[in-house]
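The values are calculated or read from the model by the stated rules, or taken from the named source; none is laboratory data. Small disclaimer: the values here were computed from a predicted structure and weren't measured. In this analysis, Cβ positions are derived from the backbone assuming ideal geometry, glycine residues included, and neighbour counts consider all displayed protein chains.
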Amino acid sequence: MCGIVGAIADRDVVPVLIDGLKRLEYRGYDSAGIALVDGSDVRRVRRTGRVSEMEAAAQAEGVRASLGIGHTRWATHGGVTEANAHPHISHGVALVHNGIIENHEQQRERLQQLGYAFESQTDTEVIAHLIHHYLKGGQDLLGALQCTVKELHGAYALAVISRKEPGRMVVARMGCPLLIGLGEGENFVASDVSAIVQYTRRVIFLEEGDTAEISREGVRVFGADDAPVQREEHLSDVSLASLELGPYRHFMQKEIHEQPRAIADTLEAIIDASAFEPALFGKDTDEVLAGVEGVQILACGTSFYAGSVARYWIEAISGLPCSVEIASEYRYRKAVANPKQLIVTISQSGETLDTMEALKYARSLGHDKTLSICNVPESAIPRASRLVFYTRAGAEIGVASTKAFTTQLVGLFALAATLAKLHGRLDADKEGEYIEALRHLPGSIQHALNLEPQIALWAERFAPRDHALFLGRGVHYPIALEGALKLKEISYIHAEAYPAGELKHGPLALVDAAMPVVVIAPNDSLLEKVKSNMQEVRARGGELFVFTDADSNFNESEGVHVIRTPRHVGVLSPIVHTIPVQLLAYHTALSRGTDVDKPRNLAKAVTVE
Ligand code: F6R
């Protein structure tokens with residue numbers, strides 16, 4: 001969703017801001033803007049639509065400056081208009097804001113009584129006026145920001161500049177990520193490291209309640225009590241190559257093809273140790289995992305489906321009971337807490353608000369055993385968890401999650417095996433067998449990727465359809481769900497997924513010649529059951545598109561199309577069977593000409609409810 005970038009340098013920062021905003025585009029937005037301190041004035045350029053439109057306007061106006069801030073806005077309070085786009089300005093103070101200010105109405109009334117006129121419908125504009133109000137009262141820019149944030153309820157990442165202070169920028173963070181990039185004689189701020197990684201990899205992650213002052217020469221950070229604090233410097237491992245498209249048409253295609261490497265990287269520590277060591281999940285493992293009696297998984301969207309696969313693995317392999325719940329449901333229900341349960345949150349971005357709030361809610365119920373599976377180091381959800389497993393998928397830019405999902409599955413499989421080991425349910429032979437299967441996984445994924453030309457031919461038949469049904473059973477049912485989600489979100493074809501056994505309890509009524517039915521049918525103990533369900537579809541004239549594996553002895557026949565993954569991979573089969581459904585969605589969207597990487601109405605990191 002919204003994105004922030006800011007820079008102070010000896011050079012012109014306009015290209016830095018525009019490049020940074022372009023790198024934040026993947027998060028989803030509907031307007032963009034920059035503000036610059038130029039001499040003793042603040043200049044601003046804002047546009048609805050793409051960053052490139054705002055860039056063209058900035059070029060036409062010939063703006064240049066060595067201090068500036070930029071923003072991509074995803075509308076929440078107030079429509080998609082130029083007046084609502086950030087930066088917002090109050091008497092020479094310009095600011096950009098990610099997050100939501102809950103008490104903005106009370107603040108607006110108060111500021112109106114103080115004589116401030118409002119130009120936008122946003123919650124953000126109150127912050128600009130409040131800062132100006134405190135500046136007028138004699139505070140300097142940092143002091144005014146520190147007074148202001150104490151009056152805000154809600155979540156914010158803020159970057160602020162003032163025409164009166166051309167030598168510094170001030171920033172604040174609460175509930176939304178914000179980091180400072182340290183350069184040589186120049187410094188940066190960003191909500192996401194990808195915005196600045198081309199200038200520096202040295203970053204400081206601000207903590208909740210921090211404020212900071214950034215000049216060309218240095219950075220000073222202050223804690224929630226306004227006292228100076230030291231925050232550790234990190235070296236980001238986000239690579240520039242992961243942010244570039246390279247030879248691919250879309251980031252989604254690139255990220256689908258990166259999966260053998262992403263999975264190999266994620267597996268590195270497990271393969272190196274040739275064992276499932278509790279230390280994979282962090283330092284406190286012994287204490288947190290000791291006495292765990294069950295697992296509660298919380299997540300949204302694709303990450304929820306990863307959790308749904310994990311439930312089958314955890315119960316089957318470790319024998320521990322496991323529930324999976326959509327985070328936005330869990331956080332609002334009166335859940336019965338069992339502090340001996342391990343709470344597992346799964347999130348690619350580590351920022352999803354509902355998942356974060358579900359974690360906080362679980363903690364408020366007395367859950368202290370928390371583990372996060374996440375792809376973004378130092379993001380909010382892992383920081384709020386005692387144990388962490390970082391997937392090493394690299395930056396995921398396409399809105400539709402692909403490599404994050406399969407690497408989450410790898411992490412979750414490792415969790416299931418580790419819990420089994422701790423509970424005496426994994427003997428050395430079985431452990432060796434699982435490690436061997438994982439070792440071969442990147443190769444099996446590559447074989448599945450080689451099916452792309454055949455899947456692209458199927459996609460041409462899907463492209464003109466309005467609806468599609470996905471079926472699976474057991475551990476492959478969540479893969480059917482994931483396939484349906486991928487297809488609907490990027491091709492806009494209405495798609496639903498059902499456990500194949502449920503067909504005759506309702507959805508069979510939908511089946512006719514116009515409804516393609518995708519079946520995930522590897523050779524496992526449920527295969528014969530799935531075959532019966534497929535007969536039910538054929539008998540109603542439905543056309544079947546079956547993804548299966550080499551061992552399953554399926555033949556093509558009239559109305560039954562079959563694509564085989566080259567080998568059966570046993571317990572890891574859901575990971576391999578994800579690849580064909582990703583490719584089917586991608587090529588169908590391509591045929592329909594949709595905006596694959598930025599599907600309509602969607603954002604990459606969902607930081608609002
Ligand atoms: C779908 C997709 C979303 C995300 C969901 C959770 O392709 O990407 O459903 O999985 O918004 O996001 P994270 O994993 O960042 O918490």
#### Entry: Among (1) more than 10 Å from the ligand (Cβ to nearest atom); (2) under 24 Å from Ala603 (Cα atoms); (3) not aliphatic (A, V, I, L, M) - the single one Gly301 does not satisfy
(1)
### Query
Which residue pairs have Cβ atoms under 7 Å apart, sit 6 or more places apart or on different chains, and have a first residue in the range 575-599 that is surrounded by 24 or more Cβ atoms within 10 Å (Cβ to Cβ) and a second that is of a type in the set (D, E, K, R)?
Thr578/Glu482; Val581/Glu482; Val581/Lys486; Gln582/Lys486; Leu583/Glu452; Ala585/Lys486
### Message
Can you tell me how many residues within the range 450-493 are within 16 Å of the ligand (Cβ to nearest atom) and either over 25 Å from the mean Cα position of the chain (by Cα) or not in a helix (DSSP H, G or I) (or both)?
### Response
3
### Task
Output the number of residues of the range 295-341 satisfying the condition of being closer than 20 Å to Tyr361 by Cβ, in contact with a Gly (Cβ under 8 Å, 6 or more places away or on another chain) and in contact (Cβ under 8 Å) with a residue 40 or more places away in the chain.
6
### Query
Taking the range 312-353 as the region of interest, how many residues are at pLDDT 95 or above, of a type in the set (Asp, Glu) and either in contact with a strand residue (DSSP E or B) (Cβ under 6 Å, 6 or more places away or on another chain) or crowded, with 16+ Cβ neighbours inside 10 Å (or both)?
2
### Query
Counting only residues that are out of contact with any strand residue (DSSP E or B) (no Cβ under 8 Å at 6 or more places or on another chain) and of a type in the set (Gly, Ala, Ser), which one in the range 220-259 is surrounded by the most Cβ atoms within 10 Å (Cβ to Cβ)?
Ser242
## Note on the structure
Restricting the range 323-359 to residues that are within 16 Å of the ligand (Cβ to nearest atom) and among the hydroxyl-bearing types (Ser, Thr, Tyr), the one nearest to Thr302 (Cα to Cα) turns out to be Ser347
### Task
Go through (1) crowded, with 21+ Cβ neighbours inside 10 Å; (2) within 15 Å of the ligand (Cβ to nearest atom); (3) on the phi < 0 side of the Ramachandran plot and name the single condition Leu419 misses.
(2)
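The rows are residues; the columns are (1) small (Gly, Ala, Ser); (2) touching a Ser or Thr at 6+ places or on another chain (Cβ under 8 Å); (3) more than 17 Å from Arg47 (Cα to Cα); (4) at pLDDT below 95.
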site: Gly78; (1), (2), (3), (4): yes, yes, no, yes
site: Pro87; (1), (2), (3), (4): no, no, no, no
site: Val93; (1), (2), (3), (4): no, yes, yes, no
site: Arg110; (1), (2), (3), (4): no, no, yes, no
site: Gln113; (1), (2), (3), (4): no, no, yes, no
site: Val126; (1), (2), (3), (4): no, no, yes, no
site: Leu135; (1), (2), (3), (4): no, yes, yes, no
site: Leu141; (1), (2), (3), (4): no, yes, yes, no
site: Leu145; (1), (2), (3), (4): no, yes, yes, no
### Query
Name the pairs: first residue in the range 519-541 and touching a residue at least 24 places away in the same chain (Cβ under 8 Å), second residue part of a loop (DSSP other than H, G, I, E, B), Cβ to Cβ under 6 Å, at least 6 apart or on different chains?
Asn523/His568; Leu526/Arg473; Val530/Arg473; Val530/Ala521; Val537/Val511; Arg540/Val511; Gly541/Asp512; Gly541/Ala513
#### Entry: Qualifying residue in the range 552-560 (condition: acidic (Asp, Glu), free of Cβ contacts under 8 Å to residues at least 40 places away in the same chain and out of contact with any strand residue (DSSP E or B) (no Cβ under 7 Å at 6 or more places or on another chain))
yes
